[in-house]
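Student: Sending over a structure as structure tokens; questions will come in a sec.
The values are calculated or read from the model by the stated rules, or taken from the named source; none is laboratory data. Quick caveat: nothing in here was measured; it's all calculated off a predicted structure. Cβ placement follows ideal geometry from the backbone for every residue including glycine, while neighbour counts extend to all protein chains displayed.
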């Protein structure tokens, strides 16, 4: 059977593809944020598989890419949080979260 | 047996990802993502990345899941309109083609990885003695590639500033998120009274053990942030107004200490973020202790959301 | 296979059975609240038995204590979550 | 013994996959949240078994973190569904 690194490497490649497809096809912006997180986690699993292959000196994996993964996870979380905050402000202002450029002009935001 | 477990795990993760693509309802996709985060934690353990599993569990499983579930439920009324704009089959076919191409390219790259796997582990092991910490990942994060961690803490701060900048002008300086009022003797209030003390102990433990075992300040900070958020959601405590001086000082305190120690390295050890030998462990500890409160506060406030209520 | 291993095998098998019961209950039961009942009873007991089975393999009392704490936290989380989900179900059913 | 523990972890994972079917079919959001809760507990169980099989101590810390945050998604779901007003059924019982 395949070794662990190749198995999860291929799994990561499939995750990136699935995430990319969902990112393009799903119209709801929140679905696009989720799809983007799936692409991100696919890339992270790919780096994790490479780090797993680099395991030496008594460690299960190469610590340098694993440390970068931890940094990547935190930054990915912050980017998702910012995207969701933007989306919610858009939903509150325009009452619709359409990203379609030809959407009817949203009513001017009436000061609540 | 381990291959069977890996294969099962990989299959399950792919099934969840496929579900997130085909699910009709956003909320169903979000619940799929929560389960996906938990499964990824298991994948990291199988890839011998226990530190990464800890981070994925704390941030991917806990914080991101709660954030997405709350957002999905709040955006439910915009669901039908948004779904109506589903692209036609030509776009979907082109997207499938592109996604298939990217996957194929990555698969070829994975199958063609160099056989003597390049690794920085031997060099890291050789220089670990200078850092004085036992956990190689903490060594990499705070000694060999300390500039990455510095940039990351500033990126987290910038994300918070980005979220705050979305506040309408009339509540600028106000309190983030809605005022949660909960029935004092309700289940949620009980959970928010019992869990945070335990969570605080676990968070500090995971932060403290990070020097020699998997753990560290990011995982500890996200656990502490989650616990405070639980108390806020249960209405037991409230987010402070963002105009408070002490709050802003606490937010920048950690990164400032990091930069100060880094700058001091120029004088004493010849380069930015270089530690004079013998003092490495002490300085790393100082940086971690300074970063923990700032990171926990920043992550919690990012989750608390955009300011919505006047300060008063 | 000394006594401790036998105990581990027995307890972990029992735990796995209760996970099976919980999952089947989640799939087969007719409405939300009965599913909730099956879910919380079964998977907590399943996790408890798994923890019980792993106790003899752990090094030192502290490790064992940590396993028990994990189980208790999972119990607390599951109990609270099921209460909250049940209340959400009752709120969403009009006039139920 | 390690082989048995890994087999048990795989079995628990299969049970959790059954729970995922409920996410697919679940008519209501609450059913899906229940399935997520089951996957959380099952994930902790599988994690403990894998950690015991690999003999890696720190995996227990990962399970500890997951156990601590297991209820978080359900709390967010509850807050969003009842959008914050205190629950009236509690009040009714108290009168």
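Student: Quick one: is residue B:174 out of contact with any helix residue (DSSP H, G or I) (no Cβ under 7 Å at 6 or more places or on another chain) and more than 13 Å from chain A (Cβ to nearest Cβ)? Steps first, please.
Tutor: Details: out of contact with any helix residue (DSSP H, G or I) (no Cβ under 7 Å at 6 or more places or on another chain): yes; more than 13 Å from chain A (Cβ to nearest Cβ): yes.
Against the criterion (out of contact with any helix residue (DSSP H, G or I) (no Cβ under 7 Å at 6 or more places or on another chain) and more than 13 Å from chain A (Cβ to nearest Cβ)), residue B:174 qualifies.
Rundown of residues vs (1) outside any helix (DSSP H, G or I); (2) at pLDDT 85 or above; (3) more than 7 Å from chain B (Cβ to nearest Cβ), yes/no style:
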position: D:27; (1), (2), (3): yes, no, yes
position: D:30; (1), (2), (3): no, no, yes
position: D:39; (1), (2), (3): no, yes, no
position: D:67; (1), (2), (3): no, yes, yes
position: D:73; (1), (2), (3): no, yes, no
position: D:77; (1), (2), (3): no, yes, no
position: D:92; (1), (2), (3): no, no, yes
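Student: Scanning for something assigned by TED's automatic domain parsing to the domain that holds residue B:163, surrounded by fewer than 23 Cβ atoms within 10 Å (Cβ to Cβ), free of Cβ contacts under 8 Å to residues at least 40 places away in the same chain and not in a helix (DSSP H, G or I), does the range B:279-295 turn up at least one residue?
Tutor: Among the residues of the range B:279-295, at least one is assigned by TED's automatic domain parsing to the domain that holds residue B:163, surrounded by fewer than 23 Cβ atoms within 10 Å (Cβ to Cβ), free of Cβ contacts under 8 Å to residues at least 40 places away in the same chain and not in a helix (DSSP H, G or I), which makes the answer yes.
Student: Given the conditions (1) buried (at least 17 other Cβ atoms within 10 Å of the Cβ); (2) touching a strand residue (DSSP E or B) at 6+ places or on another chain (Cβ under 9 Å), and given that residue B:168 satisfies all but one, which numbered condition is not satisfied?
Tutor: (1)
Student: Report the residue count in the range B:100-129 for those that are touching a helix residue (DSSP H, G or I) at 6+ places or on another chain (Cβ under 6 Å) and modelled with pLDDT under 85.
Tutor: Adding up the residues that qualify gives 4.
Student: For residue B:188, work out the one condition from (1) buried (at least 17 other Cβ atoms within 10 Å of the Cβ); (2) under 20 Å from the mean Cα position of the chain (by Cα) it doesn't fulfil.
Tutor: That leaves (2) as the condition not met.
Student: Turning to a different aspect of this structure: Regarding the range A:52-65, can at least one residue be identified that is surrounded by 20 or more Cβ atoms within 10 Å (Cβ to Cβ), more than 7 Å from chain B (Cβ to nearest Cβ) and touching a helix residue (DSSP H, G or I) at 6+ places or on another chain (Cβ under 9 Å)?
Tutor: Looking through the range A:52-65, at least one residue is surrounded by 20 or more Cβ atoms within 10 Å (Cβ to Cβ), more than 7 Å from chain B (Cβ to nearest Cβ) and touching a helix residue (DSSP H, G or I) at 6+ places or on another chain (Cβ under 9 Å).
Student: Take residues that are touching a residue at least 40 places away in the same chain (Cβ under 8 Å) and tell me which of the helices (runs of 4 or more DSSP H) falling wholly in the range B:89-141 contain 2 or more. Let's see the steps before the verdict.
Tutor: Numbers: elements: B:89-111, B:121-131, B:136-139.
In the range B:89-141, B:121-131, B:136-139 are the helices (runs of 4 or more DSSP H) which contain 2 or more residues that are touching a residue at least 40 places away in the same chain (Cβ under 8 Å).
Student: Considering the range C:6-65 alone, what residues qualify as being under 30 Å from residue B:205 (Cα atoms), more than 9 Å from chain D (Cβ to nearest Cβ) and in contact with a helix residue (DSSP H, G or I) (Cβ under 8 Å, 6 or more places away or on another chain)?
Tutor: Hits for the range C:6-65 are C:11, C:45, C:48, C:49, C:52, C:55, C:56, C:64.
Student: So residue C:49 passes all but one of these: (1) within 22 Å of residue C:90 (Cα to Cα); (2) surrounded by 16 or more Cβ atoms within 10 Å (Cβ to Cβ). Which condition number does it fail?
Tutor: Every condition holds for residue C:49 apart from (1).
Student: When you check residue B:77 against the structure, is it surrounded by fewer than 21 Cβ atoms within 10 Å (Cβ to Cβ), within 12 Å of chain D (Cβ to nearest Cβ) and assigned to a helix (DSSP H, G or I), yes or no?
Tutor: Details: surrounded by fewer than 21 Cβ atoms within 10 Å (Cβ to Cβ): yes; within 12 Å of chain D (Cβ to nearest Cβ): yes; assigned to a helix (DSSP H, G or I): yes.
Yes, satisfied.
Student: So if I check each of A:23, A:8, which one is assigned to a helix (DSSP H, G or I), touching a residue at least 12 places away in the same chain (Cβ under 8 Å) and farther than 19 Å from residue B:8 by Cα? Full working, then the answer.
Tutor: Details: A:8 fails: farther than 19 Å from residue B:8 by Cα.
From the options A:23, A:8, the qualifying one is A:23.
Student: Looking at B:218, B:207, which one is within 20 Å of the chain's Cα centre (by Cα), closer than 27 Å to residue B:138 by Cα and within 8 Å of another protein chain (Cβ to nearest Cβ)?
Tutor: Numbers: B:207 fails: within 8 Å of another protein chain (Cβ to nearest Cβ).
Answer to the selection: B:218.
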